[in-house]
Number of protein chains: 2
Amino acid sequence: MSQYKNRRVILIERAKALPKTELFSVIEDHAPEPSSGEVLLQNIYVTADPGMKGWISNAKNYASVETGATMSSFGVGIVINSNNPNFVIGEFIAMNTGWQEYSILNPETSTYRKVNIDNGPLSASLGLLGHSGFTAYFGLLHVGQPKSGETVLVSTAGGSVGSAVGQFAKIKGCKTVGLTGSDEKVELCVNEFGYDHAINYKGTDQLINEIAKCCPNGIDVYYDNVGGDILDSVLSLMNQNGRVVICGTAATEGWNPPPKGLRFERNVLVNRLRIQGFILFDYRDKYEEALKDIYDWYSKGMLNYREDIAEGLENAPQALCNLYSGLNKGRQLIRVSKDPTI
Amino acid sequence: MSQYKNRRVILIERAKALPKTELFSVIEDHAPEPSSGEVLLQNIYVTADPGMKGWISNAKNYASVETGATMSSFGVGIVINSNNPNFVIGEFIAMNTGWQEYSILNPETSTYRKVNIDNGPLSASLGLLGHSGFTAYFGLLHVGQPKSGETVLVSTAGGSVGSAVGQFAKIKGCKTVGLTGSDEKVELCVNEFGYDHAINYKGTDQLINEIAKCCPNGIDVYYDNVGGDILDSVLSLMNQNGRVVICGTAATEGWNPPPKGLRFERNVLVNRLRIQGFILFDYRDKYEEALKDIYDWYSKGMLNYREDIAEGLENAPQALCNLYSGLNKGRQLIRVSKDPTI
């Protein structure tokens, strides 16, 4: 055990529906000593992600967290002890830190990324210049494959992933339409993230007509973070050979038993749609490719982003719960120690 | 007008659910004279296809038939009059003949295919060596993209398309499992079409378990001609990066309003599934590629097929209706004039 007292958030019960703060508990023990080849990080920012709902739910998931375990999350930290010549004290590392104050990196067994703070703020390494940006990049460009002149519809359009999708699509010459959950976010989508149109899906009982009006040439790519009834409606507006990127299912609270929706296969057949699931981890070997483009666009002033930063590890569960009520206005981070770069 | 009295089947009312014979009427007039560049065919076989349900329904379709018009269908005929030097009397042509005794081919505006009867029976040019085979070929190999060793599940496994899918998948080194509608067809699937397993979906109330038992390594490709509840069940058995080819929706009677089913997007996301609609017409420029392979396999004795031939044009509507009650045992054809090759 190291000298460092490590507070961490553990999962004490799996979620049947949306996450609640009672599912988590904060405990304190000592951070482990790094073994040979390992590195000890002091974490600075960790994240709360919409996808965490799935990680802690009863249903099968690609990244399930067991009860009793430290809650998984992305994070960025600073090297404070190194038993590996490739890592120098003071370097910044983004990785799956979990919700805790200190993390061990074993570079042989874990995915990590060194963060160069010359390229942008440290916190952005967990957002636009990190996983959110990568998610938008690969989901849109590799799965959605939009062509210049096409119409791209995005759900949670003002969120950290959605806002990047909209801006990347615009850079690729597409018309962009965003779905978001408040009039305030509609403004944000249009004014900061350059959407041609944005719609407050909570502010209309004619959503399908509103979408159709904003997409007079139909929809070629739907980048979907929510699923549910909106997805059902959108399928009927897709153009021939349209693509639907399934990146999240935030609109559905629980999957056990699976809820019902409109049968989808007729739209898929008649319009030769491609509906494809996308999980960022599958692209982990290609992150540098995304970073290169995103840094390039960012440094030219072509990209905006927003973040919400909660203070203190103990507020991570609440920050997560807030995501599902739409209270956040940007990439949700939790600051677990002072950011030495600001 | 030509000298030839032409009987044809017209659509008198669009279908709200499954096709009925009352929606059609047989009328008689004279076949038109071929204009310059055109060719007159005497039709020999025309087809009844599961997809016709969609062509005559109220819902949007890729190949809608208007009321008052001759029912669309594939067919094969013999050239009996030619105003085009590229077409010789006595040649066989497969094209969209419609349900009628004579058809005009304008090679400038219509898709057609010359049929070489050295390659197999004339009737097979509408089945395994024609559209059924092409549908199986492109849907499986271009959309489903099975790899050797993978498990391919096929619905309507004993039908003209399904039986070809199963055999092509086997040729590509896959394990094949078929879903079909009677014990008799289960035998056919295993004994004639080489499926590793076949399941009578009407004979079990444990379909999902039966499928799981026959696919111990999960399902990599589902070639689906039916949709509906079976599709919902299969989605939960798909392997990571699995592909679902949506080639037909025979299990659903009507789409207006669309019926309900289980929400699908969670399976798509978690297992990174690709669900893709497939319509043969999109591949019309590549038919020769398919023919080359299918002829090759057929000539080596690697492929079996079955056909049901109804006698006389007037029986076409009934032959169509029979498809939806599973009465046919192979590619459903209607012989509208004597086959001169047998």
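The values are calculated or read from the model by the stated rules, or taken from the named source; none is laboratory data. Keep in mind that what you see is a predicted model, and the values were worked out from it rather than measured. Backbone-built Cβ (ideal geometry, glycine too); neighbour counts: all protein chains shown. We work out accessible area using only protein heavy atoms, side chains counted, and drop any ligands, DNA or RNA first. Shrake-Rupley method; radii C 1.70, N 1.55, O 1.52, S 1.80 Å.
Side notes on the structure shown:
- Estimated buried accessible area (total), pair B and A, 1.4 Å, Å² to nearest 100: 3600
- Shortest-first nm distances, residue A:257 label point to equivalent points in other copies (7 Å, Cα→Cβ): 2.0
- Efficiency of FRET from Cβ geometry, residue A:212 and residue B:116, R₀ 60 Å, rounded to 0.05: 0.80
- In a fully extended conformation the segment linking residue B:293 and residue B:241 would gain 16.0 nm over its present Cα-Cα distance, using 0.36 nm per residue.
- Summary of packing: across the peptides A:114-127, B:237-250, the per-residue average of other C-beta atoms within 10 Å ranks them, highest first, as B:237-250, A:114-127.
- Note on the range B:213-273 and the range B:1-72: Cα centroid distance 33 Å, given to the nearest whole angstrom.
- Segment residue B:148-residue B:322, extension gain: residue separation times 0.36 nm, minus the distance between their alpha carbons: 59.0 nm
- Semi-axes of the equivalent ellipsoid for the range B:131-281, computed as √(5λ) from the eigenvalues of its C-alpha gyration tensor and ordered from largest down, come to 20, 17, 17 Å.
- For a straight C-alpha distance cut-off of 18 angstrom, the aspartates and glutamates reachable from residue A:338 (same-chain residues fewer than eight places away being disregarded) are A:91, A:101, A:307, A:308, A:311, A:314.
- Flagged links, alpha-carbon separation over 19 Å, of B:147/B:172; B:20/B:53; B:147/B:185: B:147/B:185
- Taking amide H as placed 1.01 Å from N in the peptide plane, residue B:127 has its amide H under 5 Å from the amide H of B:132, each at least 5 places away in sequence or on another chain.
- Of the residues B:222, A:201, the one with the largest accessible area comes first in the ranking A:201, B:222, computed with a 1.4 Å probe on protein heavy atoms.
- Summed over qualifying helices (DSSP H, 4 residues or more, each -39500 (n - 2.57)) and divided by its residue number, chain A shows a 222 nm mean residue ellipticity of -6000 deg cm²/dmol.
- With its label point defined 7 Å out from Cα along the Cα-to-Cβ axis, residue B:171 lies at 4.5 nm from the matching points of the other copies, in increasing order.
- Partner chain coverage, peptide A:277-286 - average Cβ within 10 angstrom: 3
- Projected over every direction and averaged, the convex hull enclosing the alpha-carbon atoms of the protein assembly as shown yields 33.3 nm².
- Average partner coverage of A:223-236, which counts Cβ from other chains inside 10 Å: 2
- In this structure, the amide hydrogen of residue A:15, modeled 1.01 Å from its nitrogen in the peptide plane, lies closer than 5 angstrom to those of A:57, A:58, counting only residues at least 5 positions away or on a different chain.
- Under the Karplus curve 6.51 cos²θ - 1.76 cosθ + 1.60, θ = phi - 60°, whole-Hz ³J(HN,Hα) for the range A:264-279, x wherever Gly or Pro sits: 10, 6, 5, 4, 4, 5, 4, 9, 6, 6, 10, 10, 9, x, 9, 10
- Percent accessible area from carbon and sulfur atoms, the range B:1-93, protein chains only, probe 1.4 Å: 50
- In the assembled protein chains, residue B:87 presents an accessible area of approximately 10 Å² (probe radius 1.4 Å).
- Residue A:272 accessible area, assembled protein chains, probe 1.4 Å, Å²: 30
- Label spacing, shortest first and in nm, from residue A:114 to its equivalents in the remaining copies (7 angstrom along Cα→Cβ): 6.7
- Rounded to whole Hz, the Karplus (6.51, -1.76, 1.60) HN-Hα couplings of the range A:113-122, x for glycine and proline: 8, 6, 9, 9, 6, 5, 8, x, x, 4
- On Cα atoms only, tilt of B:160-171 relative to the major axis of chain B in degrees: 60
- Among the protein heavy atoms, those of residue B:338 account for about 150 Å² of accessible surface (1.4 Å probe, every chain in place).
- Close amide H contacts of residue B:47 (hydrogens built in the peptide plane, cut-off under 5 Å, sequence separation of 5 or more or a different chain): B:74, B:334.
- Accessible area per residue, Å², chain A with all protein chains present, probe 1.4 Å: 40
- What the Cβ-Cβ distance of residue A:91 and residue B:108 gives, at R0 = 41 Å and to the nearest 0.05, is a FRET efficiency of 0.05.
- Sites residue B:29 and residue A:13, calculated FRET efficiency, Cβ-Cβ separation with R0 60 Å, nearest 0.05: 0.20
- Eigenvalues of the alpha-carbon gyration tensor of chain B, scaled by 5 and square-rooted, set the equivalent ellipsoid semi-axes at 35, 22, 17 angstrom, largest first.
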